[in-house]
Amino acid sequence: MNQNSPLRLRSLPPTYRAAAWGAVLAFLPWLSPATAADPTVDIEKAVDAQRGIHILLFALASDEDNLFPDLPGDANANFRKLFQRGLVDTEGTFAVPHDGWCLKGKPDGNIGNRPDYAQALEPGELSIAYVAGHHLASDARLPLLISGAGPATAWITGVAKTPPAVVFTGKVAVTFVGGAAEILTPDPDGKIRKPKDGKPVDIFSKEYGTHPEKIRLPAPLPKPKEG
C-alpha cells in the first residue's frame, strides 16, 4: 500500500479530528527541501509532530482498554500499531527533517500491506522516542514522546543497555501524558530535569515516576555489511 492517501482519522471525535488535521497541516512544510539549518524551527516541527501523535495514541487507547501501546523493542513497533488500527496511513507524521534519529532524511512512503503494515516506520524513518506502559489515567506530568532536531542535537544512546541511557545536547521537545508539550534545554550533564518535591529531578528517572526500562528508542539503521 502506498501512503499517498491522506491521514485517516475517521474514528476520532470531530473535535479531535480537527485538532489532528491542524497538527498535520502545520507539519507539512517538512516535505519541502530544507534551506539553512535552524534547530529552533526543527524543534518546533518536532512539537507539531508530537501533538498529532499524542492525539492518535489517545484515540488508540480509547479502543484498547485505555492502554497505550506497550511492546518490547523499539518505538517503531509501538507506533506501527496506529497503522494496524487504521488510525494513520502516512509515515510523514512521525518524521522531522535533519533530526538525530530519522537517518534516512525522510520516510520512503511505503508502509506495506494490511494487517501488519510491516514496512511502516522501518529503521531510520522515525524521529520520535516513546515511553511505553502508560494508560489514560497515568500521571499527566510524565514524559510520553521525546525528540530532538537540528545538527546541534547529538544523541548518545546506550541501546544495548537495560534501561537505555539517553543523553541530550541541544534543544529537546517533550510531550507529556496529559498533552503538554515543551521545548527544553538539557543540563550540562545531558539530563533533562524538572522540579519535583522541591528539587530538580531527571524526568526519565524512577525518582520522577518514569520507568526507564520502558523507554523505546527509534530503531537504528542496520550497520553496513563489511567487505
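Values quoted throughout were computed directly from the atomic coordinates according to the rules given, and no laboratory measurement underlies them. For clarity, every value in this text was computed on a predicted model and none was experimentally measured. Cβ sites come from the backbone with ideal geometry, for glycine too, and all protein chains shown count toward neighbours.
With a simple spin-label model that places each label point 7 Å from the Cα along the Cα-to-Cβ direction, the separation between A181 and D63 comes to 2.3 nm. In this rough spin-label picture, where each label sits 7 Å from Cα along the Cβ direction, the D70-E207 distance is 2.6 nm. For D189 and H135, the difference between the fully extended length at 0.36 nm per residue and the C-alpha to C-alpha distance is 16.4 nm. Cα to Cα, under 19 Å, and not fewer than 8 places away if on the same chain: which aspartates and glutamates meet these conditions relative to K206? Cross-link targets: D70, D139, D187, D189, D197. By the count of other C-beta atoms within 10 Å, a proxy for reagent exposure, S127, S138 are ordered fewest to most as S138, S127.
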